[in-house]
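Here the structure is laid out as structure tokens; the discussion comes afterwards.
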Amino acid sequence: MPQEHLSLSRLERLLGSSATEANLTEWLFPTKAELERIHGDDLTISVTPDRLDLLTETGLSLALAGALDRTRGPPPWPRRPDAERFAVQIDRSVAPLRPALAAIRVHAPHGRPLDSDLLAEAIRFQETLHATVGRDRRAASLGMYPLRELRSPLRYALEPIDQVRFTPLGETSARTAREFYAQHPFAEKYGAYGRVDDRILTLRDAEGHLLSLPPILNSGSYGEARPGDLDLLLESTGLTERTTQEILGLLEVVFAGRGWSWSPVSVHPAREAESAGAARDVPIRIHLTSRALAERTGYALSPPEVEEWLRRARLGARAVPGGWEVEVPPWRPDLLGEVDLTEEVLVARGLTAEEGRILPSRTRGGRLEEVRFRRRWAPLFLGLGATPLCNTVLVSADTVEALGSPPAIRIENPVSREYAYARPSLLLSMAGTLRRNTRHGYPQIWSEIGPILDPPGTGRAAGSTRYHAALAWAEEGRGFSDVAAISDCLLDALDVSSVREPFDHSSAIVGRSARVRVAGVEVAELGELHPRVLEALGVPVPVAWFEADLSALWPLVRPSGTH
Amino acid sequence: MPIEEGAIPELTGLSPDQIRGALQRLKSKRLAVVEELHRSEPSLTPRGRAALVDRLPERRLLDLLHAAGSAGIPISALPAAGFSGEERSAAIGRLRRAGYLDGTTPLRLKVDSGSLPARLPEEAVLEAIDRAQPVDDQATFRQLERRGLVQTEHHTMKRWAATEAGRRLPLDDIDSQVGPVTAGMLLGGRWRELSFRPYDVRSPPPHRLSPRPHPYAAWLEEFEEILVGLGFQQAEGPLLETEFWNADVLFMPQDHPARSIHDALTVEGAPEIPPPEPLLLRVAAAHEGRPLPGLAVPLSRGWSDRYDPAVARRPVLRSQTTAVSARFLADGPRPPFRMFSIDRNFRREEVDARHHLEFTQCEGVLGEEGVSIRHVVGMFRELAEAIGVRELKLRPSYFPFTEPSIEGYVRHPLLGWIEVFPGGLLRPEVLAPLGVEVPVAAWGIGIARLAMVALGVNDIRELYDDDYLRLRGGNR
């Protein structure tokens, strides 16, 4: 779950009351945020991935004020009617690299310019959004600029790297963009998203002042918002229009919650650009019908109740015939449709375990016949004195190597060597078990019934799921003939006649492994592990094993009706 | 004074089986102790023994070439000279590597007959093993081992000695009385001449550890029984899924942080599988917020501007059994329906006491007219009570495919409240593309965590326990 470190004192200021660990835990339990810990002023919060707006002090205080019934309805987020229209032109050159751009202007309330508290919160939330929605800036990134010296229209384009000089934010002297790309750690990390060959993304104003090199860093000359600023430009560049709108909308919550207002920015896409951003002039509205609400929640709620719960969810609802029309704030991209609003009502209202309803069953339950067939093997193995296992499908690279690296599906992004392959046979899992049990005495007889993934080269699609049953017998004096007897015994119990034929298993002593066929179909393997394998596993006694492919065997025994 | 186990039959006249049994009983009564000495020694396999008699293929080829002189021998003539295909390849390869042959055909010796070895290193090793002499040339030994001509045999020598208690045991009576009744006594009627030693029936017998069902597997079976009893039909699906069934059809956005909570493991070499085209088009429309084919209005705003069918084809290890539900719903079940699946899933997570990258989920769907979120809660309560859990509390949650989404928490005696019942009502963006027209409740219970509560286990890794003594009823 996404997690962030917030400032407890900032949250308390916004909430207008103090908050202890105990009451924050209680307040947050019915919301989609969770208190992880408080350490001094450091407040660690995790949220469900749909509510990233709660990863800011402002967003969290808005939600808590509603949940605690201190404030209802959406925070005012007025569009400022008299603001001069600002514009951004998207050059066609950006289309193959990072085609979308979204932007708005935000305006400080009268007498309360940007302060360091809001600026710090906005910058930190910007980084949170880069890491989440922005997919580490690959999908989208944000920029925040003071408008005091900028002239409309801005231009978003790809420029030759050698024509760009740049004073990075936090520095005082200019350097060439080529030097910046070669030296700055941010350029090393994010440079690939803003550069094609020797051309880089730039955002300039009408007079050619450089605001930033998207998506890496703002310019220190014209791209640094400071306390005292009254008018800011917020923009997002990215791969799709939807993502840029989403990340920008989320950032707006910190300004909306502090009494700011907004005005649209015209975004003019290049004629041949594949996709481009657009100004958000028309608010998104979702229709919630009273019928859908009743059906999904199971409650008969009166219209005033529904309106109250929506307002406590910090949403604005207008009654319309058959339901309500709800305006979606830009920081709530999780509200996609009517069903999302039903959840908002439910979360605001609360739901307890006692309110659950038992639905009488009108269906007959049952197990899959193939599963019932597999289950028949467990008592057979127990009867043979074998200890059942419930091993993982993922096996360690060490075990695979100990068995002579048989073909197996390799995990491309493993967490560790311990879980680096998907087992192609239960033998691999049992070999791991034998390795882990060398401190105990012998005999040891193990059994397992479970899934495997077909390795490449079986004639079936690699990775097909099959179910196997296997037994491994580790004891001085035991060998191939013992597991051959078990193979015959188990297959006789299923009423099938089987034929054993020589087969060189890579982990077995040559001449001491076999395949078993039923009606011409390979259904099992058995053999005696080679001393080199035993040595690699650290097992001091001989081990013989039998492994049946139940997925192959099942269709062959089914006609007998023995299940 | 310790005595080797192999010497006891001669000293006692008892059979090896009788001796083994007696020694184990003495050991379990702590009257005797055993010391095990392990040694390995090389031996000839049947093929190696045959090669020693019939001569190695490289020696036979060397002799043939020597006899043929400068004319050489074509490779095609070797089968007639008694070489099998395998022998032919081994012999030619071996002589080429040793520098006796050049690379030309017909085969011809590169060296004069005076330079030919009287004995090849392989022959020397085979003969040394046959005479039980030490083998110094380990490289040649390993090469012969790969060819299946020699092997390493591991031997364990057991030396038994009486413990202090064993030495104090009075033996006078034992000499004149016998213990077990044997077939020999019965067949010859000798039992009439014998006196049987009375046993101390109160003395503890040897401790036997008997196998028993694996506790986790057995618990999962019990849980299945509960679901069958509640009218649920079982279903299964493949462990290796495509992104389409694992995520896209469940309305999980293709490039969004929500997808990262199901960070999947990807595999090498598995084929990409395209989803069924008509369903793909409907799923793409739902993701992009467009009306489904044949509908006038979109189901919702959707997730993105561009749904990528290439992502849909990629194979991943299944990260949730909801993929099984999706396949079940795509088959068009007739309402009312109830389906469950208890199966494994994989996520790219670090393993600790609460998390495992391979975990079992209990997936369930319940579809019929009138199903609401309160029925999901009711089902959680029913399942919790069925396994003896009384304390359940709920909080809102998030899953891209359900709305509303809730999470049920139960109390673990040591770990506190743990989330085990996640579920909700499937979204229209999931149901409509699949052609399902009734509301469907769905959940994917973290059954491993529920098992921890029920079995009193504090670490999820213990569910996969494979300790021999513990699983056979020894001390935990």
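The values are calculated or read from the model by the stated rules, or taken from the named source; none is laboratory data. Note that the structure is a prediction, hence the values are computed from the model and not measured. Backbone-built Cβ (ideal geometry, glycine too); neighbour counts: all protein chains shown.
Where residues in segment A:398-429 are part of a helix (DSSP H, G or I) and at the interface with chain B (Cβ under 9 Å from one of its Cβ atoms), which of them is nearest to residue A:454 (Cα to Cα)?
Initially, segment A:398-429 is screened for residues part of a helix (DSSP H, G or I), giving A:398-402, A:417-419, A:426-429.
Right, trim to at the interface with chain B (Cβ under 9 Å from one of its Cβ atoms) and you get A:418-419, A:429.
On the way: A:418: 20, A:419: 17, A:429: 15 Å.
Ranking the qualifying residues of segment A:398-429, first place goes to A:429.
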message: Among the residues in segment B:419-440, are any touching a residue at least 60 places away in the same chain (Cβ under 8 Å), under 16 Å from residue A:353 (Cβ atoms) and part of a strand (DSSP E or B)?
response: no
* Is there a residue being at positive phi and either of a type in the set (A, V, I, L, M) or in contact with a Gly (Cβ under 9 Å, 6 or more places away or on another chain) (or both) anywhere in segment A:541-557? -> no
By residue number, the members of segment B:282-332 that are assigned to a loop (DSSP other than H, G, I, E, B) and basic (Lys, Arg) are B:290, B:301, B:306, B:313, B:314, B:318
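Filter the strands (runs of 3 or more DSSP E) completely within segment A:31-142 down to those with at least 2 residues that are of a type in the set (Gly, Ala, Ser), surrounded by 14 or more Cβ atoms within 10 Å (Cβ to Cβ) and in contact (Cβ under 8 Å) with a residue 12 or more places away in the chain. Walk me through how you get there before you give the answer.
On the way: elements: A:33-39, A:42-47, A:86-90, A:100-107.
Fully inside segment A:31-142 and qualifying: A:100-107.
Among the residues of segment A:351-374 satisfying the criterion of being part of a loop (DSSP other than H, G, I, E, B) and surrounded by fewer than 14 Cβ atoms within 10 Å (Cβ to Cβ), which is farthest from the other protein chains (Cβ to nearest Cβ)?
Initial filter on segment A:351-374 (part of a loop (DSSP other than H, G, I, E, B)): A:351-352, A:356-365, A:367-368.
Checking which are surrounded by fewer than 14 Cβ atoms within 10 Å (Cβ to Cβ) leaves us with A:352, A:358, A:360, A:362, A:364, A:368.
Values: A:352: 7, A:358: 5, A:360: 9, A:362: 5, A:364: 6, A:368: 5 Å.
Residue satisfying both the conditions and the ranking: A:360.
For segment A:454-473, give me the residue count where each residue is modelled with pLDDT of 95 or more and buried (at least 20 other Cβ atoms within 10 Å of the Cβ).
Start the filter on segment A:454-473 by keeping residues that are modelled with pLDDT of 95 or more, which leaves A:465-473.
From the residues that got through so far, the ones that are buried (at least 20 other Cβ atoms within 10 Å of the Cβ) too are A:465, A:467-473.
Residues meeting the conditions: 8.
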Listed by first then second residue, the pairs whose first member lies in segment B:366-377 and is buried (at least 21 other Cβ atoms within 10 Å of the Cβ), whose partner is hydroxyl-bearing (Ser, Thr, Tyr), with beta carbons under 8 Å and at least 6 positions apart or on separate chains, are B:372/A:297; B:373/A:297
Subset of segment B:28-69, residues at pLDDT 85 or above, within 22 Å of residue A:541 (Cα to Cα) and part of a helix (DSSP H, G or I), comes to B:46
Those residues of segment A:274-293 which are surrounded by fewer than 18 Cβ atoms within 10 Å (Cβ to Cβ) and modelled with pLDDT of 50 or more amount to A:281, A:282, A:283, A:284, A:285, A:287, A:289, A:290, A:291
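Go through B:420, B:436, B:389, B:453 for me and flag whichever is crowded, with 22+ Cβ neighbours inside 10 Å and either hydrophobic (A, V, I, L, M, F, W, C) or facing chain A (nearest Cβ under 10 Å) (or both). Walk me through it before giving the result.
On the way: B:436 fails: crowded, with 22+ Cβ neighbours inside 10 Å; B:389 fails: crowded, with 22+ Cβ neighbours inside 10 Å; B:453 fails: crowded, with 22+ Cβ neighbours inside 10 Å.
Testing whether each residue is crowded, with 22+ Cβ neighbours inside 10 Å and either hydrophobic (A, V, I, L, M, F, W, C) or facing chain A (nearest Cβ under 10 Å) (or both) leaves just B:420.
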Among the residues of segment A:164-221, the number that are of a type outside the set (D, E, K, R), part of a helix (DSSP H, G or I) and touching a residue at least 12 places away in the same chain (Cβ under 8 Å) is 9
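Only one of these is among the aliphatic types (A, V, I, L, M) and modelled with pLDDT of 95 or more: A:169, A:154. Name it.
Values: A:169 fails: modelled with pLDDT of 95 or more.
The conditions single out A:154.
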Considering segment A:304-340, residues that are part of a helix (DSSP H, G or I) and more than 31 Å from the chain's Cα centre (by Cα), and then whichever is surrounded by the fewest Cβ atoms within 10 Å (Cβ to Cβ), we arrive at A:304
Sole miss for residue B:65 among (1) surrounded by fewer than 17 Cβ atoms within 10 Å (Cβ to Cβ); (2) in contact (Cβ under 8 Å) with a residue 40 or more places away in the chain is condition (1)
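Which ones in segment B:333-342 are in a strand (DSSP E or B) and surrounded by fewer than 23 Cβ atoms within 10 Å (Cβ to Cβ)? Please lay out each step first, then the result.
Step one: of segment B:333-342, the residues in a strand (DSSP E or B) are B:337-342.
Matches in segment B:333-342: B:337, B:342.
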_Among the residues of segment B:249-258, are any within 7 Å of chain A (Cβ to nearest Cβ), in a loop (DSSP other than H, G, I, E, B) and either hydroxyl-bearing (Ser, Thr, Tyr) or within 38 Å of the chain's Cα centre (by Cα) (or both)?_
yes
* Does segment A:488-502 include one or more residues that are under 27 Å from residue A:465 (Cβ atoms), modelled with pLDDT of 95 or more and within 14 Å of chain B (Cβ to nearest Cβ)? -> no
When every residue in segment A:527-546 that is within 42 Å of the chain's Cα centre (by Cα) and in contact (Cβ under 8 Å) with a residue 40 or more places away in the chain is compared, the one nearest to the other protein chains (Cβ to nearest Cβ) is A:539
The number of residues in segment A:145-163 that are touching an Asp or Glu at 6+ places or on another chain (Cβ under 8 Å), assigned to a strand (DSSP E or B) and either within 14 Å of another protein chain (Cβ to nearest Cβ) or under 29 Å from residue A:264 (Cα atoms) (or both) is 7
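Being under 23 Å from residue B:318 (Cβ atoms) and out of contact with any Ser or Thr (no Cβ under 9 Å at 6 or more places or on another chain) is the filter; apply it to segment A:375-396 and report the residue that is farthest from the other protein chains (Cβ to nearest Cβ). Show your work before the answer.
The first filter runs over segment A:375-396 and keeps only residues under 23 Å from residue B:318 (Cβ atoms), leaving A:375, A:389-396.
Filter once more, keeping what is out of contact with any Ser or Thr (no Cβ under 9 Å at 6 or more places or on another chain): A:375, A:390, A:394.
Numbers: A:375: 8, A:390: 5, A:394: 6 Å.
Among those that are under 23 Å from residue B:318 (Cβ atoms) and out of contact with any Ser or Thr (no Cβ under 9 Å at 6 or more places or on another chain), it is A:375.
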* Looking at segment A:496-513, is at least one residue touching a Lys or Arg at 6+ places or on another chain (Cβ under 8 Å) and crowded, with 22+ Cβ neighbours inside 10 Å? -> no
